[in-house]
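The values are calculated or read from the model by the stated rules, or taken from the named source; none is laboratory data. The structure displayed is predicted, hence computed values, not measured ones. Every residue, glycine as well, gets a Cβ built from its backbone with ideal geometry; the counts of neighbours run over all protein chains shown.
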Amino acid sequence: MAEQLPNHDAALTEKCVESRTLHEGPFLTLKCDTVELPDGKHATREYVQHPGAVMVIPLFDDGRVLLESQFRYPIGKVMYEYPAGKLDPDEGALACAKRELAEETGYTAREYVYITRIHPIISYSTEFIDIYLARGLTAGERKLDDGEFLELFTASVPEVSEWVRTGKITDVKTIIGTFWLEKILSGAWPMAEPEPL
């Protein structure tokens, strides 16, 4: 059994003294806060407020997975990823997972299994991503958002793992999702019960 993680919260927690909004867009908000450090001194923390997101790993009955190719403007290149998207206001994670899978790929799933939550950019963003495994896939018609362009392809899990190993896939959520999927499929980590639909 794993040992408990140490609890250093009292010695490390920072307290907000003042919070300023530098930019508020339709998607992201840029904040600049003054915080009180554990030693009583003050420091500045700049960060992005993000509404949160989900990622779905669509797993076919034959063991292959569905991925997307999508141009990501901030880094100026096409990336290879599992379907994902941000939470709409007042939307639950499972509802978002179902919506994003259908919109981006046209697929619906018989069952969704919650895998984990990750915080991909802890140094300057509040973003979290809830990861789901989708099984029992049925094809349908995609409904991409305006201005959304992506291509779909399938691959075996060993192929995806090799692309991760060789640096062809560098998207962190896809890397983490692939590692989890390998552990689940090998039986090393138990899989949770499917979410009630």
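Filter segment 1-34 for residues that are in a loop (DSSP other than H, G, I, E, B) and without any contact (Cβ under 8 Å) to a residue 12 or more places away in the chain and give the result. Passing the criteria: MET1, ALA2, GLU3, GLN4, LEU5, PRO6, ASN7, HIS8, GLY25, PRO26.
Scanning segment 37-66 for residues that are touching a helix residue (DSSP H, G or I) at 6+ places or on another chain (Cβ under 7 Å) and within 24 Å of GLU104 (Cα to Cα), we see that the one that is surrounded by the fewest Cβ atoms within 10 Å (Cβ to Cβ) is GLY63.
Okay, residues lined up against (1) in the same structural domain as VAL78 (by TED's automatic domain parsing); (2) surrounded by 12 or more Cβ atoms within 10 Å (Cβ to Cβ); (3) under 19 Å from the mean Cα position of the chain (by Cα); (4) of a type in the set (Phe, Trp, Tyr):
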position: GLU159; (1), (2), (3), (4): yes, yes, no, no
position: TRP163; (1), (2), (3), (4): yes, yes, yes, yes
position: VAL172; (1), (2), (3), (4): yes, yes, yes, no
position: ILE175; (1), (2), (3), (4): yes, yes, yes, no
position: THR178; (1), (2), (3), (4): yes, yes, yes, no
position: GLU182; (1), (2), (3), (4): yes, yes, yes, no
position: MET191; (1), (2), (3), (4): no, yes, yes, no
position: PRO194; (1), (2), (3), (4): no, yes, yes, no
position: LEU197; (1), (2), (3), (4): no, no, no, no
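If you scan segment 163-197, which residues turn out to be out of contact with any Asp or Glu (no Cβ under 6 Å at 6 or more places or on another chain) and farther than 21 Å from TYR80 by Cβ? Matches in segment 163-197: SER186, GLY187, ALA188, TRP189, PRO190, MET191, ALA192, GLU193, GLU195, PRO196, LEU197.
Okay, residues lined up against (1) aromatic (Phe, Trp, Tyr); (2) touching a residue at least 12 places away in the same chain (Cβ under 8 Å); (3) under 17 Å from LYS143 (Cα atoms):
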{"position": "TYR47", "(1), (2), (3)": "yes, yes, no"}
{"position": "ILE57", "(1), (2), (3)": "no, yes, no"}
{"position": "TYR82", "(1), (2), (3)": "yes, yes, yes"}
{"position": "LYS86", "(1), (2), (3)": "no, yes, yes"}
{"position": "ASP90", "(1), (2), (3)": "no, no, no"}
{"position": "LYS98", "(1), (2), (3)": "no, yes, yes"}
{"position": "GLY106", "(1), (2), (3)": "no, yes, yes"}
{"position": "TYR112", "(1), (2), (3)": "yes, yes, no"}
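The requirement of being farther than 25 Å from THR108 by Cβ and under 16 Å from the mean Cα position of the chain (by Cα) is satisfied by THR126. The C-beta contact set for segment 171-197 (first residue over 17 Å from ASP130 (Cα atoms), second residue hydroxyl-bearing (Ser, Thr, Tyr) and crowded, with 17+ Cβ neighbours inside 10 Å, distance under 9 angstrom, 6+ apart or interchain) comprises GLU182/SER161. Suppose we filter LEU59, LEU101 for residues that are farther than 28 Å from THR21 by Cα, under 14 Å from the mean Cα position of the chain (by Cα) and not assigned by TED's automatic domain parsing to the domain that holds PRO26; which single one remains? Checking each option against the conditions leaves just LEU101. For LEU137, state whether it is touching a Gly at 6+ places or on another chain (Cβ under 9 Å), under 16 Å from LEU66 (Cα atoms) and not small (Gly, Ala, Ser). No.
Examine segment 177-195 for a residue that is of a type in the set (Lys, Arg), at pLDDT 95 or above and within 21 Å of LYS77 (Cα to Cα), and state whether such a residue exists. Looking through segment 177-195, none of the residues is of a type in the set (Lys, Arg), at pLDDT 95 or above and within 21 Å of LYS77 (Cα to Cα). Among all positions in segment 67-74, there is at least one residue which is closer than 24 Å to SER125 by Cβ and of a type in the set (Lys, Arg). Can you tell me how many residues in segment 1-59 are under 30 Å from PRO194 (Cβ atoms) and modelled with pLDDT of 95 or more? Residues that pass the stated criteria total 10.
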